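Structure record follows, encoded as structure tokens.
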Amino acid sequence: MEKSDFFAHKTAVIDDNCKIGNGTKIWHFSHIMSNCVIGENCSFGQNVVVSPDVILGSNVKVQNNVSIYTGVICEDDVFLGPSMVFTNVINPRSAIARKDEYKKTIVKKGASIGANATIVCGNSIGEYSLIGAGSVVTKEIPAYALVVGNPSKQIGWVSEYGHRLNFDAKGFAICPESKEKYQLNNNKVAKIY
């Protein structure tokens, strides 16, 4: 394990060859497995498992009872809600080893995944998107998308602050908290300023 200034509760298990950034906190009964790369100022609630070779950016917040499986990459500022689930094999079978078939799942910068949501492997979660609690994601999620349900369906757009965006007839919206302006064009959202 690469030495840095992070906190690990005495019940946490951290395997060899991990890189853990400064300011990261790892709480009760969590297990960080070998060859993980974890950024600065991350937080892991109790009973979190991070499988081998997972890559997490800085300021990633992982709530209780989350397993992050091999093949998952989370960029900076990602939020993983309590008991949400990643998969890494499309067609698992107990009697058949499929470790060479792991699919990559990328959670882009600033995305939030709600409690008890399931992310089926091989799909990217767009920047600043918001996955509602209990949703089952079975396809790519665009940046700034708000999705809910099983299977998940997009019901709107959100700002970088997580507020719902209401676009006018010209395709512009303003975040009520930050006053940032967004544009909707060809079913894609971009922050203007």
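The values are calculated or read from the model by the stated rules, or taken from the named source; none is laboratory data. This is a predicted model, so every value here is computed, not measured. Note that we place each Cβ from the backbone using ideal geometry, even for glycine, and neighbour counts take in every protein chain shown.
Please tell me if VAL85 is at pLDDT 95 or above, surrounded by 18 or more Cβ atoms within 10 Å (Cβ to Cβ) and among the hydrophobic types (A, V, I, L, M, F, W, C). Explain how you work it out, then say what you get.
Numbers: at pLDDT 95 or above: yes; surrounded by 18 or more Cβ atoms within 10 Å (Cβ to Cβ): no; among the hydrophobic types (A, V, I, L, M, F, W, C): yes.
No: the conditions fail for VAL85.
When the residues of segment 97-117 are filtered to those that are under 20 Å from PRO151 (Cα atoms) and among the hydroxyl-bearing types (Ser, Thr, Tyr), which remaining residue is surrounded by the most Cβ atoms within 10 Å (Cβ to Cβ)?
Among those that are under 20 Å from PRO151 (Cα atoms) and among the hydroxyl-bearing types (Ser, Thr, Tyr), it is THR105.
Considering each of GLU160, GLU177 in turn, give the residue that is surrounded by fewer than 12 Cβ atoms within 10 Å (Cβ to Cβ), among the acidic types (Asp, Glu) and assigned to a loop (DSSP other than H, G, I, E, B). Before you say what the answer is, go through the steps one by one.
Working: GLU160 fails: surrounded by fewer than 12 Cβ atoms within 10 Å (Cβ to Cβ).
Result of the check over GLU160, GLU177: GLU177.
For the subset of segment 10-33 comprising residues that are exposed (fewer than 14 other Cβ atoms within 10 Å of the Cβ) and not β-branched (Val, Ile, Thr), which member is nearest to VAL78 (Cα to Cα)?
ASN22
Could you check, for segment 118-132, whether at least one of its residues is surrounded by fewer than 16 Cβ atoms within 10 Å (Cβ to Cβ) and in contact with a Pro (Cβ under 9 Å, 6 or more places away or on another chain)?
No - not one qualifying residue is present in segment 118-132.
Just wondering, is there one or more residues in segment 142-149 that are under 29 Å from GLN46 (Cβ atoms), touching a Pro at 6+ places or on another chain (Cβ under 6 Å) and either modelled with pLDDT under 95 or not in a loop (DSSP other than H, G, I, E, B) (or both)?
Among the residues of segment 142-149, not one is under 29 Å from GLN46 (Cβ atoms), touching a Pro at 6+ places or on another chain (Cβ under 6 Å) and either modelled with pLDDT under 95 or not in a loop (DSSP other than H, G, I, E, B) (or both), which makes the answer no.
Which residue pairs have Cβ atoms under 9 Å apart, sit 6 or more places apart or on different chains, and have a first residue in segment 166-180 that is closer than 13 Å to GLY156 by Cα and a second that is in a loop (DSSP other than H, G, I, E, B) and at pLDDT 95 or above?
Sorted first by the residue in segment 166-180, then by its partner, the pairs are ALA173/SER159; ALA173/ASN166; ALA173/PHE167.
Output the number of the condition that ILE106 fails; it satisfies all remaining conditions of (1) more than 15 Å from VAL137 (Cβ to Cβ); (2) at pLDDT 95 or above.
Unmet for ILE106, out of (1) more than 15 Å from VAL137 (Cβ to Cβ); (2) at pLDDT 95 or above: (1).
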